[in-house]
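Peer 1: Pasting in a structure now, in structure tokens, and then I'll have a few things to ask.
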Amino acid sequence: MLSYLIRRILLALFTCWAISVLAFVIIQLPPGDFVDAYISNLSASGSGISLDQAQQLRAEYALDEPIWVQYARWMRLILRGDLGMAMEWQRPVTEVIGDRLWLTMVVSIAAVVLTWLVALPIGIYSAVRPYSPLDYLFTLLGFLGLAVPSFLLGLLVLYFGFVYFNANIGGLFSPQYADAPWTGAKLLDLLRHLPVPAVILGIASMAQAIRIMRANLLDELRKPYVVTARAKGLSEWRAIWKYPVRVALNPFASTIGYTLPYVVSGSIIVSLVLGLPTVGPLLLRSLIAQDMFLAGAIVLLLGIMTVIGTLLSDLLLMWIDPRIRVDD
Amino acid sequence: MADTVPIYDPTKATVTPSPAALAPEATSGPTAPAVSAPGPLAQFPAPGEPLLTSDAEERVAVATQAQLMWRRFRKHRLAMIGAGAVIAFYLVVALADFLSYADPEASDAQRGLIAPQRVQFFLDGRFSPHVYAMVGERDPATFKRVYTEDPTQIIPLTFFAPGFDYKLFGVIPADMHLIGVEGVNPEETLFLMGTDLEGRDMWSRVMYATRTSLTIGLVAVVVSLVLGVILGGISGFYGGFADTVIQRTIEILRSVPTIPLWMGLAAAMPKTWTVTQVYFAITIIISLIGWTELARVVRGRFLSLREEDFVTAADLVGARQSRIIFVHMVPLFLSHIIAATTLALPAMIISETALSFLGLGLRPPAISWGVLLQQAQNVQTVALSPWLLLPALPVILVILAFNFLGDGLRDAADPYA
């Protein structure tokens, strides 16, 4: 168990490192170094900086030195908590990102939790009553859920909300709370706005989870021990819940690790459509403005948060499933 | 796993005609196989099935693997529908110019945001498809041009009508279109799916967008297939260190939110690139998304086949490694790869649509589903002109079709399961 834990944490650290390299590549991709972009950005807005200041900036980020030195310098700054300046905003990246990173994770985790809460009972029902009308209905809805990309679903929901309820159902806060400091009322407001984006984000993984759970449980219900349990006179409820469901849960639970990255990915685009105050709109804007420090920081933070989330879910799985603890 | 590999096993075989006797059956069979996998001939029932007695079972017994697959695939009704839809979509790809009736670039601000016309099929009880002319006038209050149908002006539709010039399949000069209008310019009179902000015809633009979006998906899936087969093959066939490295890479890629990464790559494309350059860059970026799943499938197949007796036998008689892989192993899981590829395509199509929708993918003047949907980003605009959302329909339909087709292929890939 300990060796599994150590291996798992090492892999997570390695993944974080790989993400940092990828984020750095993204910062480096646009032609010219970022000081050039910075200067052109400043002159576009009317102000400028002197050559000395430009040189000083170049020295600070070691832009004249080989690429790995630049990477090391950037990493050192990041480990100290300094994510650099967001050019367009003229403010530190950490300040610009602010609450947005947390809100991204809140929306994503809500989507994952919802996926599970909905997919489990439906998957079990579909397996216990296969080929029943409701099973067909869920299968059909599942196929539709898989086929409609989440950003298109967002557009459609927004459109129907606008036309039939004359309400803008996008966003995460009512206007009066948008810039207000955190209070209980603001939290309640967030919870009220959360279901719509969570459903839109989670629907694809929900459809997948239902199919996995249904297939697993169907396989399990055909096994002789279930027949034995029934023959011994166990109630149908117990014969299903006591063992088959628990066994079928395991492959299902192991998919959770890949659900979170998928949902976080999706949240970027859905946030743009629904106007959610997450890092999504910020990332797009920074990419279009070639504000690469901000973009790199968002990619890095998003990746690390996802790795941590996945690690936590794996630890949870380890706690639920004794086989992982014993086997490794 | 074991019964997916049809190896000759004397304990199971009940009817074993010689391969020569089977050859004509394989080539002149009444049903052309959709997926051909020239694996070893398997003329015995799957384990657990009764001995052959009737004619029907006899036919199963002597069928080639490809025939068995086709029979099973045909039984999957949704997959057949999916296959039909996919073929129809690729017909649109090939004939986009013929199926559209207006030049997709012909814009006119005067014709902006016209609602779709209704096609009337009967005139005085006779079949004679026609539309009513759209008459525009300025709203005195808002100064916007408002278009309404004028039932007194009847415009008959004609088929195989002349229209704007194009090159069929890129080579044959032509000007014939499936539909047209008699005597008048279709750009100014016919709006089957309405027009966009700049007065371009949505129907014709959707036809061209289908061509772009579906070819980009196809090219991307081929690229990621090559990546997946090579890396998955190395991983599964050789194992060891290479396997570890490739598996870790896949694991990392799967545990990272990838869309922000691809967005970063796409945003780094120079603004000066031509449409073609952007097209290929986007294709490559998208193909980087899908290869992990394909590599996983290929690796799994290699792992399960590597230990089989026939591989050892081929090795012992001195077959080269490339021969073992391509002659003995690949044909056995070709069908699995085709199924996995079909299931990977929707993700590619969604990625292109999403990137272009965000303005990071294809850029106008390229026309793709994502580019068309960009106009639908604003709720207020969509609420007033909902037909701007119509390009979402082919996206959803083609993804459904590929999913059904892929499911059917996956079931058919294992005719003995």
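The values are calculated or read from the model by the stated rules, or taken from the named source; none is laboratory data. All values derive from a computational prediction rather than experimental measurement. Don't worry about glycine lacking a Cβ; one is built from the backbone with ideal geometry, like all the others, and counts go over all protein chains shown. These area figures cover heavy atoms from the full protein model, side chains too; ligands, DNA and RNA do not enter into them. Shrake-Rupley method; radii C 1.70, N 1.55, O 1.52, S 1.80 Å.
Peer 1: Looking only at the range A:215-255, how many residues end up being open to solvent by less than 50 Å² (accessible area, probe 1.4 Å) and of a type outside the set (A, V, I, L, M, F, W, C)?
Peer 2: Residues that pass the stated criteria total 5.
Peer 1: Please specify each residue of the range A:287-302 satisfying the condition of being within 9 Å of chain B (Cβ to nearest Cβ) and touching a residue at least 12 places away in the same chain (Cβ under 8 Å).
Peer 2: Scanning the range A:287-302 gives A:Gln290, A:Met292, A:Ala295, A:Gly296, A:Ile298, A:Val299, A:Leu302.
Peer 1: Hey, could you check the range A:187-203 for residues that are among the hydrophobic types (A, V, I, L, M, F, W, C) and surrounded by 24 or more Cβ atoms within 10 Å (Cβ to Cβ) and say which is nearest to the chain's Cα centre (by Cα)?
Peer 2: Residue satisfying both the conditions and the ranking: A:Leu201.
Peer 1: Within the range B:254-291, work out how many residues are within 21 Å of B:Leu345 (Cβ to Cβ) and open to solvent by 40 Å² or more (accessible area, probe 1.4 Å).
Peer 2: Count: 8.
Peer 1: Among residues belonging to the range B:164-182 that are open to solvent by 50 Å² or more (accessible area, probe 1.4 Å) and within 20 Å of B:Asp201 (Cα to Cα), point out the one that is modelled with the lowest pLDDT.
Peer 2: That would be B:Glu182.
Peer 1: Additional query: Which condition does B:Ile367 not pass, out of (1) closer than 26 Å to B:Thr195 by Cβ; (2) away from every other protein chain (no Cβ under 14 Å); (3) under 15 Å from the mean Cα position of the chain (by Cα), if it passes all the others?
Peer 2: Answer for B:Ile367: the failing condition is (3).
Peer 1: Another question, then. Which is assigned by TED's automatic domain parsing to the domain that holds B:Pro365 and within 24 Å of B:Val219 (Cα to Cα), of B:Val311, B:Val275?
Peer 2: After ruling out the rest, the residue left standing is B:Val275.
Yes or no, residue by residue, for (1) polar (S, T, N, Q); (2) without any contact (Cβ under 8 Å) to a residue 40 or more places away in the chain:
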| site | (1), (2) |
| --- | --- |
| B:Pro260 | no, yes |
| B:Ser287 | yes, no |
| B:Arg296 | no, no |
| B:Glu307 | no, yes |
| B:Ser322 | yes, yes |
| B:Ile325 | no, no |
| B:Ala340 | no, no |
| B:Ala344 | no, no |
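Condition check ((1) of a type in the set (Gly, Ala, Ser); (2) at pLDDT below 85) across all residues:
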position: A:Ile109; (1), (2): no, no
position: A:Ala127; (1), (2): yes, no
position: A:Ser132; (1), (2): yes, no
position: A:Leu146; (1), (2): no, yes
position: A:Leu152; (1), (2): no, no
position: A:Leu155; (1), (2): no, no
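Peer 1: Among the residues in the range B:338-358, are any touching a Gly at 6+ places or on another chain (Cβ under 9 Å), surrounded by 24 or more Cβ atoms within 10 Å (Cβ to Cβ), part of a loop (DSSP other than H, G, I, E, B) and within 14 Å of chain A (Cβ to nearest Cβ)?
Peer 2: Yes.
Peer 1: Also, I was wondering about something else. With assigned to a helix (DSSP H, G or I) and at pLDDT below 85 as the only criterion, which of A:Ala253, A:Ala198, A:Ala167 stands out?
Peer 2: A:Ala253
Peer 1: Looking only at the range A:66-115, how many residues end up being among the aliphatic types (A, V, I, L, M) and part of a loop (DSSP other than H, G, I, E, B)?
Peer 2: 2
Peer 1: Every residue in the range B:372-393 that is more than 8 Å from chain A (Cβ to nearest Cβ), part of a helix (DSSP H, G or I) and within 21 Å of B:Leu360 (Cβ to Cβ), please.
Peer 2: Those that are more than 8 Å from chain A (Cβ to nearest Cβ), part of a helix (DSSP H, G or I) and within 21 Å of B:Leu360 (Cβ to Cβ): B:Leu372, B:Gln374, B:Gln375, B:Thr381, B:Leu388.
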